[in-house]
1. Among the numbered criteria (1) surrounded by 17 or more Cβ atoms within 10 Å (Cβ to Cβ); (2) more than 9 Å from DNA strand D (Cβ to nearest atom); (3) within 12 Å of chain A (Cβ to nearest Cβ), which single criterion is violated by residue B:46?
2. Filtering segment A:4-28 down to residues that are at the interface with chain B (Cβ under 7 Å from one of its Cβ atoms), farther than 12 Å from residue B:10 by Cα and among the small types (Gly, Ala, Ser), which residue is surrounded by the most Cβ atoms within 10 Å (Cβ to Cβ)?
3. Of the residues that sit in segment A:72-100 and are modelled with pLDDT under 95 and more than 22 Å from residue B:11 (Cβ to Cβ), which one is farthest from the other protein chains (Cβ to nearest Cβ)?
4. Could you look through segment B:22-46, keep only residues that are touching a His at 6+ places or on another chain (Cβ under 7 Å) and closer than 17 Å to residue A:6 by Cβ, and pick out the one that is farthest from DNA strand C (Cβ to nearest atom)?
There are 2 protein chains.
Amino acid sequence: MQMIPTKNIKEASQGLRALAHETRLAVLCHLLQGPMCVQELMAATGASQSNLSQHLSKMRLMGILESEKRGQHVYYRIANPDFGELVLALKRIYCPDMCS
Amino acid sequence: MQMIPTKNIKEASQGLRALAHETRLAVLCHLLQGPMCVQELMAATGASQSNLSQHLSKMRLMGILESEKRGQHVYYRIANPDFGELVLALKRIYCPDMCS
DNA sequence: TTGACTTATCATCATATTCTAATATATTCG
DNA sequence: CGAATATATTAGAATATGATGATAAGTCAA
């Protein structure tokens, strides 16, 4: 196991912080199934429009999500498939009962 | 990819929060090499004694680390090897240049 | 153009996190 | 015992983060 360079620790910890919230982690999990628009994510997470928009904005700024406007809807998707691996590692830790 | 149950999202996001700090992530990375005592971790991270102790305490309470007292030193180690996988996923995202 | 709808942004308040400094506890050694 | 060392705990101030409500801006359809 090789050490992460100090200069990257900062970036990685900022990225983690952008995931370390119940709503944002739920969004990430839902988006693993494919792109969704804000309305759909509102329904899926139960967050309010304003609140969700701010969470999505933060994740986009941190490079976790990408967005694309189609008509009056904005679709969000995961920017980097490696986040799927990260969620898998999370599942091994926090959902040991799930056979994945 | 199977969805993480809502009831576990909370726990997982709390766990992530316990990692989402520059000092704590650095500690985790160092401990991947093996157990270390507080002094060694102070030298490795540059954090102050009190500050580091609080970070270690939080990680221990969150089940990320375990500690063992040996003489006047307290050795910390990673409680769950799956956190190593999580760090590997982080490396793929934030250190794409590192050939790991 | 007007009105409904979708999303983003802003201001503000509430809460959580982090750091520092001081102090406490425990262990070892002389 | 008393001093030195290692670690933990506490209180407080500073800062960051999160939720809400109001509003703005873009799109569509009548």
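The values are calculated or read from the model by the stated rules, or taken from the named source; none is laboratory data. Small disclaimer: the values here were computed from a predicted structure and weren't measured. A quick note on method: Cβ atoms are made from the backbone with ideal geometry, for glycine too, and the neighbour counts reach across all protein chains shown.
1. It is condition (1) that residue B:46 fails.
2. The residue in question is A:12.
3. A:81
4. Filtering segment B:22-46 for residues that are touching a His at 6+ places or on another chain (Cβ under 7 Å) and closer than 17 Å to residue A:6 by Cβ, the one farthest from DNA strand C (Cβ to nearest atom) comes out as B:36.
Residue-by-condition table, conditions (1) within 16 Å of DNA strand D (Cβ to nearest atom); (2) touching a residue at least 40 places away in the same chain (Cβ under 8 Å); (3) of a type outside the set (Val, Ile, Thr); (4) touching a helix residue (DSSP H, G or I) at 6+ places or on another chain (Cβ under 8 Å):
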residue	(1), (2), (3), (4)
A:22	yes, no, yes, yes
A:32	no, yes, yes, yes
A:35	no, yes, yes, no
A:52	yes, no, yes, yes
A:73	yes, no, yes, yes
